[in-house]
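My questions all concern the structure below.
Please treat every number below as a calculation from the coordinates, not as lab data. Keep in mind it's a predicted model, so treat the numbers as computed, not measured. Note that we place each Cβ from the backbone using ideal geometry, even for glycine, and neighbour counts take in every protein chain shown.
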There are 6 protein chains.
Amino acid sequence: MAEITEALLVVSAHAGDFVWRSGGAIALAAERGQRAKVVCLSYGERGESAKAWLAGKKLEEIKALRRQEAEAAAAALGAEIEFFDAGDYPLLESPELVDRLVHVYREVQPTVVLTHTLADPYNGDHPAAARMAIQARILAQAIGYEAAGDPLGAPPLFSFEPHQSEQCDFKPDVLLDITPVFTRKEAAMRCLPAQQHMWDYYTDLAKRRGVQLERNAGPNLGLGKDTRAEAFQRHYPQTTKELS
Amino acid sequence: MAEITEALLVVSAHAGDFVWRSGGAIALAAERGQRAKVVCLSYGERGESAKAWLAGKKLEEIKALRRQEAEAAAAALGAEIEFFDAGDYPLLESPELVDRLVHVYREVQPTVVLTHTLADPYNGDHPAAARMAIQARILAQAIGYEAAGDPLGAPPLFSFEPHQSEQCDFKPDVLLDITPVFTRKEAAMRCLPAQQHMWDYYTDLAKRRGVQLERNAGPNLGLGKDTRAEAFQRHYPQTTKELS
Amino acid sequence: MAEITEALLVVSAHAGDFVWRSGGAIALAAERGQRAKVVCLSYGERGESAKAWLAGKKLEEIKALRRQEAEAAAAALGAEIEFFDAGDYPLLESPELVDRLVHVYREVQPTVVLTHTLADPYNGDHPAAARMAIQARILAQAIGYEAAGDPLGAPPLFSFEPHQSEQCDFKPDVLLDITPVFTRKEAAMRCLPAQQHMWDYYTDLAKRRGVQLERNAGPNLGLGKDTRAEAFQRHYPQTTKELS
Amino acid sequence: MAEITEALLVVSAHAGDFVWRSGGAIALAAERGQRAKVVCLSYGERGESAKAWLAGKKLEEIKALRRQEAEAAAAALGAEIEFFDAGDYPLLESPELVDRLVHVYREVQPTVVLTHTLADPYNGDHPAAARMAIQARILAQAIGYEAAGDPLGAPPLFSFEPHQSEQCDFKPDVLLDITPVFTRKEAAMRCLPAQQHMWDYYTDLAKRRGVQLERNAGPNLGLGKDTRAEAFQRHYPQTTKELS
Amino acid sequence: MAEITEALLVVSAHAGDFVWRSGGAIALAAERGQRAKVVCLSYGERGESAKAWLAGKKLEEIKALRRQEAEAAAAALGAEIEFFDAGDYPLLESPELVDRLVHVYREVQPTVVLTHTLADPYNGDHPAAARMAIQARILAQAIGYEAAGDPLGAPPLFSFEPHQSEQCDFKPDVLLDITPVFTRKEAAMRCLPAQQHMWDYYTDLAKRRGVQLERNAGPNLGLGKDTRAEAFQRHYPQTTKELS
Amino acid sequence: MAEITEALLVVSAHAGDFVWRSGGAIALAAERGQRAKVVCLSYGERGESAKAWLAGKKLEEIKALRRQEAEAAAAALGAEIEFFDAGDYPLLESPELVDRLVHVYREVQPTVVLTHTLADPYNGDHPAAARMAIQARILAQAIGYEAAGDPLGAPPLFSFEPHQSEQCDFKPDVLLDITPVFTRKEAAMRCLPAQQHMWDYYTDLAKRRGVQLERNAGPNLGLGKDTRAEAFQRHYPQTTKELS
């Protein structure tokens, strides 16, 4: 399948999600020369901008601020970014939003898709985004669906890690080594000063997932290797020519 | 990790299981020049030899017969085979059997392990074999466990497909393309005339899993490609440097 | 309860689903002299008609073609069929569609209901159809719901088998012997040439479920009996006067 | 299958379990003229005889007392009873106990089997009994297993209701109408004065399951019909010639 | 946190649910001097008023009747009550209803929230109410959401017990002792003569949950203590300064 | 229940588990003046002492070393400690070990019990310890079980956090604030130099669980409060007189 151009599509409910949860995966793809595209369904202007609201900012100011930050973070990771400005808290599902996503799928022709988990008792926007990303992937595969571009293949779709994994029924089945690009993820995180407390949190998480990657990849001798990792869960079975 | 020699270990409760459930995976490994080793914990002499009992054969005759058949099937797949002769119906778990398996792990140093599912309401021997295979893998990793050879790394361990997948809580997350070696799997199945009714059954299953592989790998246009596949379920998260 | 007239209602997302997944159950009911009614919520014109789109056909042509085929298949099984023409890919849930289904329940007074599974990661229309079929069954039971006809009793509702059972959390708890009517199911399948690759697939599946039925019904001696079966999963507990 | 003689086998961890949890099912079978046989693996002498211990009774006295009570209860239900006297708290699993059960299966040739749930966080003996009952059923089916009598068929096996259903992952899929024999169940319960507080408890439970049976069997008009019911969960798929 | 005023909010799909399922919890809160507020999303006029429909009453009459009964029951428990009159069978989810609930959260500032389970195969209105109650709780926490009042804290949210617990995936993790207020719950139940058959049912259930509470709280000596209890399931982890 | 003396019992498979997974809970209990007792079933001499084996130490040396470290850690937390020296890798379940635990339960009369999860695909000793701790708790409750001391009440039993929570089906339902005693936990961790890489790991984890505690306890404004927490999962329903 040498002629297929690899491309990564990330469907993110809010402006920061793609950074915390999949910044490493995005940077890895970009470093391999793949196209990486992020769709932010909203700016997270209501639900994830507490500092700005406390500071007395207005809605449009907050949206502009979040947009700038997200654009800077995407650039740091090497990704394109598009905003649907569909509103958050709540992000309301609609056939129109799904249709816009179908058009993105048809245009980008992603070979890997990342999005939220289908369950999240702390945030209704995350599952809404995931449901729409999955539904759009299905529709984009149908030759009978009216949208420009070829029907989509069957790219694997992964959930990235939610904030409280166990409460979201998130059981990782893929641990991705992001050590080579971790400085890029750090740079991207620093583009989001509104959520500064997250920097340490997601650095610690990358270490913890790194230890687990080591444990799952080889003998457990406690010889720390400073691996950094992100966790993902497959939505569909892997297809392969070799078990490994 | 170029210096690692790849090797496949299959832990099978009875003499036929490895053929029906993972003959394709074994043949693929062998064709790639890997060492492939099968451990049969029993011959399936009591529980899976109904025809021979109906024909009035004796226990030792049946064991010898099953052994011959399994040896022929392993040869057809390109695998070594070792018999523990631990008895079946029931296959009784014991620290001694687990210890024998640890020694095999230490000697073979497998990079991939295949065994049964942990649940099977139709067959108590299958989960017993799986529990011992998993426990032995853990013990073989411990430098403090007394057995010749280096401590084991962390080879991925997969459940192969049981007879009634849904009743055994088997949810495939890997579909393996065995098309290039399917004739070898067929040849191996034909070495087991005692279970002749299984030939068609597992040929049909390979087709069904093949259609699913196509569906999960690309657009679903109904243009049959005659793919043959086997289904597996990971016991541990995959570790990787690239999502795909 | 001798005075109750038995009737079967099948709620199918697309024009072919009722044939592949429950053709045997429908033919059995018809042969026993029961009324059997199929509601097709859509023709499957966008999502399950790839061949026609590839051949350059137009939407209305495809719908007409699928309708003819489905009518022929229903006739072969001995069932009535009604089309809601609600569109597919996506099939959008709405109170209006549910209300139409309530009217059907009130008119048909089914004693058995068949529909899709509530989960299907490959097809959003299937769960949408199932949710509406279940919701309509609940509403039809309420004396206060405005629709002609008596309030519905409590007919058992079964999910029929999806294409990739394990991925849809389908765990069969009923295996139905369709051997006596399998030729009628074959005839119905042949009414659907647009999905010709499915004929063999569902014939193989019927054999596989048949072997499992034999295994669950009696001693496992490997004496193939060529049973053909369909698998179903109950949505509600069975009520009975005798365990069996 | 007219020539098959129906028979019911109940595998009970302690002397009282079969009464509380399946007395109605036993009485129904007996009234239909079937053989009904109860195997009590222990007398419940340590774990379910608090009153007797508080009264200062000795172990052998308590066992004798519990035996008498259980015999009386079995008689009231119309069942045979056999005691394995294997000890309780803990009831220890062993190949010998499983083998004794295999012999019972081969002799009784049950067409229905009842036992405990596989999970019970309040009582380790209950799952131990269930595991042995299931394992023995599997072994009794194997023609190669040495025990007098013909190989067993494939009788359905049901879990009866534990004391705290949700904590034991008990999800009923069969509700059995025991109204016609409820006075027999009451009589049997009264044979167990050591657990007098259970009489009301299991009478209330029979009412509650009765209301649920009505709800699942027909329109929910709140016209109490005083149905009494017991709940069960299938361990294997039902096989049938007709959906109902 | 001494300055926090404790308050209980109950989100009930129909006019009777809060009484049967959480009358004890409400009365306990009221007796401790807390504010207790019930929101009834509908009167249950279509789905839970069979007697009135059978008696030929009209829709508006039935709604008025149910309202009177629910007001009397709330008064008996010591609670305020508000009716959204959003219609039942079906209760349709909408952003407007969720927004009304957000306003209630912001005004009441509940420290405990009670609502339905997220699954109920017998009643689509119950999960719809639960989804809206959970979504509104999330939105009310966001400082950016426009509604009068301070952002909500993080009150624990519990599902109360559905009619058929196991079918609704209800696994209680909290058993609440309502013995001291059980007469108040009885009085409230008697305010609902339209569902008279429920009085005994929920009295029996309170006894059954009471026995389980005793079993989970202390030694199981069968010395009945006539405890009455209600069962609940947490939606979020408990936070605490002490394990107990 | 003022007269009950509170006591904490921890059943730990290896010498370090109780420190990493529940050091905070132990220190909190000790600071409140409760008795806290740790039972180490083994020293972790084979499976969790890789450094010592690599350094060429002998089995008895390693056991002595691990014992000293664990004693120092227990002292730092304010707990008693007892070693069963039952061996690890594998820790073999036996009625004798369970009986020894019953005697501890009867003597300590714990009001809270902590142990491992029932699932752990990386470590067979952890579930073995949990199964024995749970079984012993059940047996200790039975008045008929022969062991000195009064029958046990029904203390809540919690699983503490395993190394890879999601793979062990660990879903926290209690988040314990250990901020006031975190320096004691740090001191205890420093008593275990053989697993030095764990210090940072479990400090990071305490921060992560602390953030989650804040999120679950109150508004999520990102105003870091440096809370430290441990996560636990209940094995039995909580019993309470007040929802909170």
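Which residue, C:Val38, C:Leu59, C:Trp20, has the largest displacement toward the positive end of the dipole of region C:18-95 when charges sit on each Cβ (Lys, Arg +1; Asp, Glu -1)?
Positive-most Cα among the choices belongs to C:Trp20.
For a quick check, take a GNM of chain D with Cα springs below 10 Å and name the residue from D:Lys225, D:Lys51, D:Lys207 with the largest mean-square fluctuation.
D:Lys225
Can you tell me which of A:His116, A:His103, A:His197 moves the most in a GNM of chain A? Springs connect C-alpha atoms under 10 Å apart.
In this elastic network of chain A, the residue with the biggest mean-square fluctuation among A:His116, A:His103, A:His197 is A:His197.
Which one, F:Phe158, F:Leu101, F:Trp199, projects farthest toward the positive side of the charge dipole computed for chain F from Cβ point charges (K/R +1, D/E -1)?
Of the options given, the answer is F:Trp199.
Would you calculate, for chain B, the mean residue ellipticity at 222 nm contributed by helices, counting each DSSP H stretch of 4 or more residues as -39,500 (n - 2.57) and dividing by all residues, to the nearest 500? Let's see the in-between values first.
Details: 7 runs with 99 residues, N = 244.
About -13000 deg cm²/dmol.
Okay, next question. Please order A:Ile143, A:Ile81, B:Ile178 by the number of other Cβ within 10 Å, starting at the fewest. Could you put the intermediate results ahead of the total?
Values: A:Ile143 18, A:Ile81 21, B:Ile178 25.
Fewest-to-most Cβ neighbours within 10 Å comes out as A:Ile143, A:Ile81, B:Ile178.
Report the charge-dipole magnitude of region A:1-91 in Debye, nearest 20, computed about the Cα centre from +1 at each Lys and Arg Cβ and -1 at each Asp and Glu Cβ. Could you put the intermediate results ahead of the total?
On the way: 11 positive and 14 negative charges, 55 e Å.
Dipole about the Cα centre, nearest 20: 260 debye.
Please arrange B:Thr111, F:Thr240 by counting, for each residue, the other beta carbons lying within 10 Å of its beta carbon, fewest first. The partial results should precede the final answer.
Working: B:Thr111 21, F:Thr240 16.
Arranged by neighbour count, lowest to highest, B:Thr111, F:Thr240 become F:Thr240, B:Thr111.
For peptide E:141-150, compute the average count of partner chain beta-carbon atoms within 10 Å of each residue's beta-carbon. Walk me through the numbers on the way to the answer.
On the way: counts 10, 12, 11, 14, 6, 3, 0, 0, 0, 1.
Counting other chains' Cβ atoms within 10 Å and averaging over E:141-150 gives 6.
As a quick test, which of the pairs E:Lys241/F:Lys241; F:Lys37/F:Lys185; E:Lys171/F:Lys171; D:Lys207/E:Lys57; B:Lys51/C:Lys171 have an alpha carbon distance above 21 angstrom in this structure?
Values: E:Lys241/F:Lys241 18 Å; F:Lys37/F:Lys185 16 Å; E:Lys171/F:Lys171 14 Å; D:Lys207/E:Lys57 30 Å; B:Lys51/C:Lys171 31 Å.
Cα-Cα > 21 Å for D:Lys207/E:Lys57; B:Lys51/C:Lys171; rest within.
Highest first, please rank the peptides F:87-93, F:66-72 by the mean number of other Cβ atoms sitting within 10 Å of their residues. Display every interim value, and only then the final one.
Numbers: F:87-93: 21.4, F:66-72: 19.1.
Top to bottom by mean Cβ count within 10 Å: F:87-93, F:66-72.
Here's a follow-up. Read phi for every residue in region B:84-97 and hand back ³J(HN,Hα) as whole Hz from Karplus 6.51 cos²θ - 1.76 cosθ + 1.60, θ = phi - 60°, with x for Gly and Pro.
The phi angles translate into 8, 6, 8, x, 10, 6, x, 7, 8, 5, 7, x, 5, 5 Hz.
For a label point 7 Å from the Cα of F:Ala55 along Cα→C-beta, name the residues of region F:1-44 whose backbone N is under 18 Å from it.
F:15-16, F:43-44, by backbone N distance to the label point.
To the nearest 0.05, what FRET efficiency results for A:Asp150 and C:Arg131 with a Förster distance of 30 Å applied to their C-beta separation?
Values: r = 31 Å, r/R0 = 1.04.
With R0 = 30 Å, the Cβ-Cβ based efficiency is 0.45.
Which aspartates and glutamates, if any, have their Cα less than 19 Å from the Cα of B:Lys63, not counting same-chain residues under 8 positions apart?
B:Asp17, B:Glu45, B:Glu48, B:Glu71, B:Glu80, B:Glu82, B:Asp85, B:Asp88, B:Asp125, D:Glu146
Okay, next question. Rank A:Gly56, A:Gly23, A:Gly47 by mean-square fluctuation in a GNM of chain A with C-alpha springs under 10 angstrom and give only the top-ranked residue.
For chain A, modelled as a Gaussian network with Cα springs under 10 Å, the answer is A:Gly56.
If Lys and Arg each add +1 and Asp and Glu each add -1, what is the summed charge of the other residues whose beta carbon sits under 14 Å from the beta carbon of D:Ala55? Don't jump to the answer; show the numbers that get you there.
Working: positive: D:Lys51, D:Lys57, D:Lys58, D:Arg66; negative: D:Glu45, D:Glu61.
Its environment carries a net charge of +2.
Now, a different point. Points 7 angstrom from Cα along the Cβ direction at B:Asp200 and A:Glu80: gap in nanometres?
Placing both labels 7 Å beyond Cα along the Cβ direction yields 5.3 nm.
Residues of B:198-211, mean number of Cβ from any other protein chain within 10 Å of their own Cβ, rounded to a whole number? Write down the numbers at each step before the final one.
Working: counts 3, 0, 5, 5, 1, 1, 8, 3, 0, 3, 8, 2, 0, 7.
Mean number of neighbouring Cβ atoms from other chains: 3.
Which whole number gives the average, over all residues in A:152-165, of C-beta atoms from other chains lying within 10 Å of the residue C-beta? Walk me through the numbers before you get to the answer.
On the way: counts 2, 4, 8, 3, 4, 1, 1, 0, 0, 1, 0, 5, 11, 4.
Average per residue, whole number: 3.
While we're here: Under the Karplus relation 6.51 cos²θ - 1.76 cosθ + 1.60, θ = phi - 60°, what is the ordered set of whole-Hz ³J(HN,Hα) values for region C:174-185, x standing for Gly and Pro?
Couplings: 9, 10, 9, 6, 10, 3, x, 10, 5, 5, 5, 5 Hz.
Pop a pseudo-label 7 angstrom from the Cα along the beta-carbon direction at both D:Ala64 and B:Glu107 and give the gap in nm to one decimal.
Result for the modelled spin labels: 5.9 nm.
Next question, about the same structure. Placing unit charges on C-beta atoms (Lys and Arg positive, Asp and Glu negative, everything else neutral), compute the dipole magnitude of region F:119-244 about its Cα centre in debye, rounded to 20. Intermediate values should be presented prior to the final figure.
Details: 14 positive and 16 negative charges, 54 e Å.
So the magnitude is around 260 debye.
Can I ask one more? Along each principal axis of its Cα atoms, how long is region D:158-229 end to end? Whole angstroms, biggest number first, please.
40, 28, 19
Work out the length of the dipole vector of region E:91-190 about its Cα centre, built from +1 on the beta-carbon of each Lys and Arg and -1 on the beta-carbon of each Asp and Glu, and round it to the nearest 20 debye.
240 debye
Still on this structure, please answer the following. With a cap of 11 neighbouring Cβ atoms within 10 Å, and only residues DSSP puts in a loop, list the GluC sites (Glu not before Pro) found in region D:2-40. Spell out each step's value before the answer.
Details: sites: D:Glu3, D:Glu6, D:Glu31; in loops: D:Glu3, D:Glu6.
Passing sites in region D:2-40 are D:Glu3.
Moving to a separate point now. Given the protein assembly as shown, report the % of alpha carbon pairs whose separation exceeds 66 Å. Present the calculation step by step, with values, prior to reporting the outcome.
Values: 56320 of 1070916 pairs.
Roughly 5 percent, once rounded to a whole number.
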